[in-house]
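The values are calculated or read from the model by the stated rules, or taken from the named source; none is laboratory data. What you see is a predicted model, and the numbers here were worked out from it, not measured in a lab. Here the Cβ positions follow ideal geometry from the backbone for every residue, glycine too, while neighbour counts run over all protein chains shown.
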């Protein structure tokens, strides 16, 4: 039985969807419901597998208990999503534009029926890509590896894009968004590693004549603050990515199931579209929803990954844990302000390696480090393949559109 069509009435002076209209949009079709649920599943898994990285080092140095650290991470993830949703949402825009789904605007050469068909196809491809992200995140958690849902998301959507291209649909990877991903991937890792090394050396020089007992107490408290900053930075990065994904679902939903009263959302390929959406308080339900779901995922724990990142790679003292968090925080904040979608786990791992190198190469457990690097390396081809195959499978199901 199909869902009843309910007209959406949007303010003509502003492009957006209120929470009430969001639920009305869900009633348009099971396809929208499925796509939104998959997007929220990806958010949950990110909170489950990636957010714990932000507090891994403060737990490993015993500055704070795991339970308190995870609650703190969930809270500051929420704050990070909310603050950057209001003031610097370019990361969300980069993710929403990772795939160009072709003609989604009626014109002299594109009929309204074609726009509807293209949007429905795009929702199917988007769902397939996110199935890949969910599968990869669960697999990484089973092996205790800090996978990057950011990379998985980009790769899964790209795999779906390639499959749709192979099926003859007019889609293509978003060039500018992919450029931002590449720049962020390279710069954030290098910055995290170098800052981890330099900040640790600076602290050692400043504190060399101070009694170790006093510095240890100071840095245990300081590390709690820096870990809160890391959780905030994670929300600003990963939370905003999923705000972008759900915005894309809304955009495609209004195109796939239009009514005479719908005012179309701003195209994800246009400049500043997320900020336009979030300028009115009635639209803040989107970052709030992402924050809550991510917080629920974080509250479950992820202790297996915390152990791998914070305890398995380098034996850290409190001041070194502080240096790790501060360097990763700086790298993530720069990336978020520049609109570069980056991997929080990758940046944190590189920062830990940078700190470890101050004690010599033998201080780093390179077996664990290499395992993590291999996870990152295989994330792109693995999720591209899953996204590609899932897209072919979904399009082969009779009546899915």
Condition first: outside any helix (DSSP H, G or I), more than 34 Å from the chain's Cα centre (by Cα) and surrounded by 14 or more Cβ atoms within 10 Å (Cβ to Cβ). Now tell me which residues in segment 169-217 satisfy that.
207
Filtering segment 43-85 down to residues that are under 16 Å from residue 333 (Cβ atoms) and modelled with pLDDT of 75 or more yields 76, 77, 79, 80, 81, 82, 83, 84, 85
Being outside any helix (DSSP H, G or I) and surrounded by fewer than 24 Cβ atoms within 10 Å (Cβ to Cβ) is the filter here, so list the residues in segment 98-130 that pass it.
100, 102, 103, 104, 105, 106, 107, 108, 109, 110, 111
For segment 131-154, indicate whether the set of residues that are assigned to a loop (DSSP other than H, G, I, E, B), out of contact with any helix residue (DSSP H, G or I) (no Cβ under 8 Å at 6 or more places or on another chain), in contact (Cβ under 8 Å) with a residue 24 or more places away in the chain and closer than 15 Å to residue 95 by Cβ is non-empty.
no
Which of the numbered conditions does residue 93 fail, given that it passes all the others? Conditions: (1) closer than 26 Å to residue 372 by Cα; (2) in a helix (DSSP H, G or I); (3) in contact (Cβ under 8 Å) with a residue 40 or more places away in the chain.
(1)
